[in-house]
1. Enumerate the pairs (first residue in the range 32-50 and over 19 Å from ASN67 (Cα atoms); second residue anywhere and part of a helix (DSSP H, G or I)) with beta-carbon separation below 7 Å, excluding pairs fewer than 6 apart on the same chain, so at least 6 apart or on different chains.
2. Got a sec? Which of ASP64, ASP102 is surrounded by fewer than 17 Cβ atoms within 10 Å (Cβ to Cβ) and at pLDDT 95 or above?
3. Does any residue of the range 226-233 turn out to be open to solvent by 30 Å² or more (accessible area, probe 1.4 Å), under 30 Å from ILE9 (Cβ atoms) and among the β-branched types (Val, Ile, Thr)?
4. Which pairs turn up if I take residues in the range 222-245 that are closer than 24 Å to GLY16 by Cα and look for partners that are away from the ligand (no atom under 16 Å from the Cβ) and basic (Lys, Arg) with beta carbon separation below 8 Å, at least 6 apart in sequence or on another chain?
5. Return the residues of the range 21-37 that are out of contact with any Ser or Thr (no Cβ under 6 Å at 6 or more places or on another chain) and among the small types (Gly, Ala, Ser); say none if nothing qualifies.
6. Give just the number: which of (1) out of contact with any strand residue (DSSP E or B) (no Cβ under 9 Å at 6 or more places or on another chain); (2) surrounded by fewer than 16 Cβ atoms within 10 Å (Cβ to Cβ); (3) in a helix (DSSP H, G or I) does SER113 not satisfy?
7. Among the numbered criteria (1) surrounded by 15 or more Cβ atoms within 10 Å (Cβ to Cβ); (2) of a type outside the set (Asp, Glu); (3) in the same structural domain as CYS232 (by TED's automatic domain parsing), which single criterion is violated by ILE209?
8. Could you tell me which numbered condition SER219 fails, if it satisfies all but one of (1) exposed (fewer than 15 other Cβ atoms within 10 Å of the Cβ); (2) away from the ligand (no atom under 14 Å from the Cβ); (3) among the small types (Gly, Ala, Ser)?
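The values are calculated or read from the model by the stated rules, or taken from the named source; none is laboratory data. Bear in mind that the values here come from a model prediction, so they are computed numbers and not experimental data. Note: ideal-geometry Cβ built from the backbone for every residue, glycine included; neighbour counts use all protein chains shown. Just the protein is used for accessible areas: all its heavy atoms, side chains included, with ligands, DNA and RNA removed. Shrake-Rupley method; radii C 1.70, N 1.55, O 1.52, S 1.80 Å.
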Amino acid sequence: MQLTGKTAIVTGSTSGIGLGIARGLAQAGANVVLNSFTNSDTDHALAQSLATEFNVSVSYVQADMSNAEQCRALIDGQEHCDILVNNAGIQHVAPIDEFPIDKWNAIIAINLSSAFHTTAAALPKMRAAGWGRIVNISSAHGLTASPFKSAYVAAKHGIVGLTKTTALETAEQPITCNAICPGYVLTPLVEAQIPDTMTKYNMTRDDVIKKVMLERQPSREFATVEQLGGTCVFLCSVAAAQITGTTLSVDGGWTAL
Ligand code: NAD
């Protein structure tokens, strides 16, 4: 299989897109390190179940991506880091003048600064191995904005900038760095936004999905975590060796509007 023998570290991978990507990479033969900030039996059982399903080595490492030292320790604790997927992310929605400072700081730390720290720790390992792939999970909100998502939009635009800089600093090495920009994907992060939006607009769940969330997604369909897993595997493939420093939208046409 194309990624056999490679070690992939995926931040924030116990649910949603991160888990979909971890599963895609494991299916392609990579050994995978799962991560989140918790340390429960369920986390370790998830790693075990992926290992069994895909016949690769899978471990779970607790590390809080809001903490610089823990970000670096996640990478430093592994002998290899051939593929780094910076996926951990959170959301908070509020007007700028009411946006809680602690939420702003947490979003910038988890959605942006963590990728700087993990990348800094991973690059020496990739250079020593003579191969590396960094995939940053940005968003359609890394290319466009929405009201009330100031911290998220700032972090997601920021990660596109970090992606370009990382690509330039590694351009003459067999290392690439790209950002995937998903539109709406029905994950726990998005699910959590539905009840508030239902209340705010006095709408049914179906109306919130079709008329609010997918209003900007011309396909009127959610992207799936499996599609994002496939996109990530593609960016790790031989065909993608000259793709670096760019964004790849998986957004049903959102950014074509
Ligand atoms: P999710 O809530 O389902 O998963 C987020 C993961 O990050 C979880 O595993 C969670 O445990 C982990 N996480 C949260 N805080 C953490 C921390 N401090 N340290 C370590 N791990 C932490 O969310 P998702 O929808 O799968 O989002 C994953 C990424 O994709 C995020 O960066 C998000 O911004 C991005 N994204 C999501 C969508 C979408 O529609 N769902 C669209 C575009 C981009």
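1. Going by the 7 Å Cβ cut-off, the qualifying pairs are VAL32/ALA22; VAL32/LEU25; VAL32/ALA26; VAL32/LEU50; LEU50/ALA22; LEU50/ARG23; LEU50/ALA26.
2. Values: ASP64 fails: surrounded by fewer than 17 Cβ atoms within 10 Å (Cβ to Cβ).
Selected residue: ASP102, the only one of ASP64, ASP102 that is surrounded by fewer than 17 Cβ atoms within 10 Å (Cβ to Cβ) and at pLDDT 95 or above.
3. First, pick out the residues of the range 226-233 that are open to solvent by 30 Å² or more (accessible area, probe 1.4 Å): 226-227, 230.
Of the ones still in play, those that are also under 30 Å from ILE9 (Cβ atoms) are 226-227, 230.
Pick out the ones that are also among the β-branched types (Val, Ile, Thr) and you get none.
Among the residues of the range 226-233, not one is open to solvent by 30 Å² or more (accessible area, probe 1.4 Å), under 30 Å from ILE9 (Cβ atoms) and among the β-branched types (Val, Ile, Thr), which makes the answer no.
4. Within 8 Å, the pairs are LEU235/ARG133; CYS236/LYS6; CYS236/ARG133.
5. Here is the first cut: in the range 21-37, the ones out of contact with any Ser or Thr (no Cβ under 6 Å at 6 or more places or on another chain) are 21, 23-28, 30, 32, 37.
Correct list: GLY24, ALA26, ALA28, ALA30.
6. Unmet for SER113, out of (1) out of contact with any strand residue (DSSP E or B) (no Cβ under 9 Å at 6 or more places or on another chain); (2) surrounded by fewer than 16 Cβ atoms within 10 Å (Cβ to Cβ); (3) in a helix (DSSP H, G or I): (2).
7. Of the numbered conditions (1) surrounded by 15 or more Cβ atoms within 10 Å (Cβ to Cβ); (2) of a type outside the set (Asp, Glu); (3) in the same structural domain as CYS232 (by TED's automatic domain parsing), the odd one out for ILE209 is (3).
8. The failed condition is (2).
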